[in-house]
């Protein structure tokens with residue numbers, strides 16, 4: 001009887017040990033492509049590759065885990081609050097060129113021995129190839145469609161990365177912050193009469209002029225403004241400039257990432273711009289770059305508060321757009337960086353096409 005009890009006890013202990021090894025050495029997660037990935041339970045070293053991937057890591061307050069960054073992050077330090085707030089990241093070793101559609105340097109990554117490779121904007125085959133060649137788990141994240149601020153796919157990415165990095169609470173705090181901002185914007189404008197608006201200069205794999213727009217521009221969506229480009233469907237669109245003369249929006253907003261191109265175009269074709277109602281009436285306004293190396297979510301929210309202040313001043317009379325922007329940046333990236341962005345691009349305000357200047361422009365071919 002004692003022998004039987006001993007055997008049972010030993011088997012029980014071995015079972016506990018085996019279970020413990022599985023739970024302490026790794027966990028299985030499903031990434032945003034639906035791939036099943038085994039990741040270490042404790043993660044200390046990471047890299048983030050692809051547009052917007054490092055931004056998510058910064059949002060999660062996990063910069064101390066990053067061991068290498070893309071050359072793109074080092075070269076183009078303007079226009080992106082997360083890298084402005086954390087210039088120390090630019091001093092880390094290179095993990096490849098970065099930029100849309102460019103793969104990382106796998107040898108460089110392997111030398112840094114990260115526990116996890118986080119990635120965005122790659123397909124399943126590429127993710128599997130990188131994982132197989134490096135022997136390092138690859139977890140793919142996503143920004144989703146972001147037709148408004150509360151995209152569940154993006155939130156799922158935050159939760160996934162937060163779980164892996166031990167930042168679950170921070171992930172939930174970010175989601176609550178974004179949802180609260182959207183709720184506030186919608187509540188302020190629930191009884192307004194929609195204004196006829198257009199946004200140009202939207203970045204899309206580089207800088208573009210006034211013809212570059214977004215048919216479902218999130219700030220317009222949450223503010224209940226009538227986006228004249230909404231008739232074109234969803235997502236990013238290039239329009240024929242002349243159609244603006246037909247649409248004649250009451251207000252035109254310019255993403256300042258493309259402002260230099262628009263100022264140059266004005267010099268070549270001033271009559272086109274002078275024929276626009278919004279320009280004639282002094283209702284041409286500048287916004288901080290919304291889309292540079294994927295969506296600057298904090299900037300999109302800050303832009304929305306400024307747009308709201310312009311379109312519906314009574315509903316936003318308690319809002320100082322610059323202070324609101326710094327409140328948003330301080331929460332998401334850890335520092336108030338509005339002034340730096342304003343010095344680079346112009347900041348919130350009316351645009352003077354005749355005398356307009358801009359210190360930086362988004363690269364046309366990043």
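Every number in this text was worked out from the coordinates using simple rules, so none of it is lab data. As the structure is a computational prediction, the values presented were derived from the model and not from experiment. Here the Cβ positions follow ideal geometry from the backbone for every residue, glycine too, while neighbour counts run over all protein chains shown.
Taking 8 Å as the Cα distance limit and 6 or more residues as the minimum spacing, I'd like the relative contact order of the chain as a percentage. Provide the component values of the computation, followed by the final result.
Numbers: 673 pairs, mean separation 56.9, N = 366.
Relative contact order here is 16 percent.
Report, in degrees rounded to the nearest 10, the 0 to 90 angle that the Cα long axis of helix 168-188 makes with the longest principal axis of the chain.
Long axis of 168-188 versus the principal axis of the chain: about 20 degrees.
Please determine, in degrees from 0 to 90 and to the nearest 10, the orientation of helix 2-25 with respect to the longest principal axis defined by the Cα atoms of the chain, where the helix direction is its Cα long axis.
With both axes taken from Cα atoms, the answer is about 20 degrees.
Roughly how many nanometres apart are two label points built 7 Å out from the Cα toward the Cβ at residue 159 and residue 110?
A separation of 3.6 nm, rounded to one decimal place.
For segment 27-177, calculate the relative contact order in percent as a whole number, restricting contacts to Cα pairs under 8 Å that are 6 or more residues apart.
27 percent
Using R₀ = 45 Å, calculate the FRET efficiency as 1/(1 + (r/R₀)^6) where r is the Cβ-Cβ separation of residue 192 and residue 102; round to 0.05.
The formula returns an efficiency of 0.55 here.
For the chain, take the longest principal axis of its alpha carbons; what is the angle in degrees between that and the long axis of helix 321-333, to the nearest 10 within 0 to 90?
20 degrees
Given axes a ≥ b ≥ c from the Cα gyration tensor, I'd like to know whether segment 53-156 is rounded (a/c under 1.5), prolate (a/b larger than b/c) or oblate.
Since a/c reaches 1.5 but b/c is at least a/b, the shape of segment 53-156 is classed as oblate.
Could you tell me which of rounded, prolate or oblate describes segment 92-214, using a ≥ b ≥ c as the square roots of the eigenvalues of the alpha-carbon gyration tensor, with rounded for a/c under 1.5 and, failing that, prolate when a/b is larger than b/c and oblate otherwise?
Since a/c reaches 1.5 but b/c is at least a/b, the shape of segment 92-214 is classed as oblate.
So how far, in whole Å, is the C-alpha centre of segment 141-206 from the one of segment 207-225?
Each part reduced to its Cα centre gives a spacing of 15 Å.
Which order, highest average first, do 44-54, 110-120 follow once you tally other Cβ atoms within 10 Å for each residue and take the mean per peptide?
44-54, 110-120
Mind listing P(r) for segment 192-350? All alpha-carbon pairs, 10 Å bins, whole percents.
The percentages, shortest bin first, are 11, 43, 36, 9, 0.
Return the calculated 222 nm mean residue ellipticity for the chain, to the nearest 500 deg cm²/dmol, obtained by summing -39500 (n - 2.57) across DSSP H runs with n ≥ 4 and dividing by the residue count.
Using -39500 (n - 2.57) per qualifying helix, the result is -13000 deg cm²/dmol.
Considering only C-alpha atoms, what is the centroid distance from segment 25-41 to segment 342-356, in Å?
46 Å
Over segment 274-326, what is the relative contact order in percent, taking alpha-carbon pairs closer than 8 angstrom and at least six residues apart?
Contact order relative to length: 24 percent.
How large is Rg/Rh for the chain, to two decimals, with Cα atoms and a Kirkwood Rh?
Rg/Rh: 1.07.
Using the count of nearby Cβ atoms within 10 Å as a rough guide to exposure, how do 109, 84, 210 rank from fewest to most?
Fewest to most other Cβ atoms nearby, the residues stand as 84, 109, 210.
Going highest first, how would you order 251-260, 85-94, 173-182, 72-81 by mean Cβ packing within 10 Å?
The peptides rank, most packed first, as 251-260, 72-81, 173-182, 85-94.
Give me the distance between the Cα centres of segment 77-111 and segment 235-300, rounded to whole Å.
30 Å
Springs between alpha-carbon pairs under 10 angstrom, Gaussian network model over the chain: which of 108, 62, 300 fluctuates most?
Of 108, 62, 300, the Gaussian network model singles out 108 as fluctuating most.
Taking the Cβ-Cβ separation of residue 88 and residue 320 as r and a Förster radius of 41 Å, what is the calculated FRET efficiency to the nearest 0.05? Write down the numbers at each step before the final one.
Details: r = 30 Å, r/R0 = 0.73.
E(calc), rounded to 0.05, equals 0.85.
Set the Förster distance to 56 Å, then compute FRET efficiency between residue 247 and residue 74 from the Cβ-Cβ distance, nearest 0.05. If you can, show how the numbers build up before the last one.
Values: r = 40 Å, r/R0 = 0.72.
So the FRET efficiency works out to roughly 0.90.
Taking the simple approach of a point 7 Å from Cα along Cα-to-Cβ for both residue 184 and residue 335, what is their distance in nm?
Taking the two extended label points, one gets 2.3 nm.
Find how much the distance from residue 350 to residue 268 grows on full extension, using 0.36 nm per residue of separation minus their present alpha carbon separation; answer in nm with one decimal.
27.4 nm
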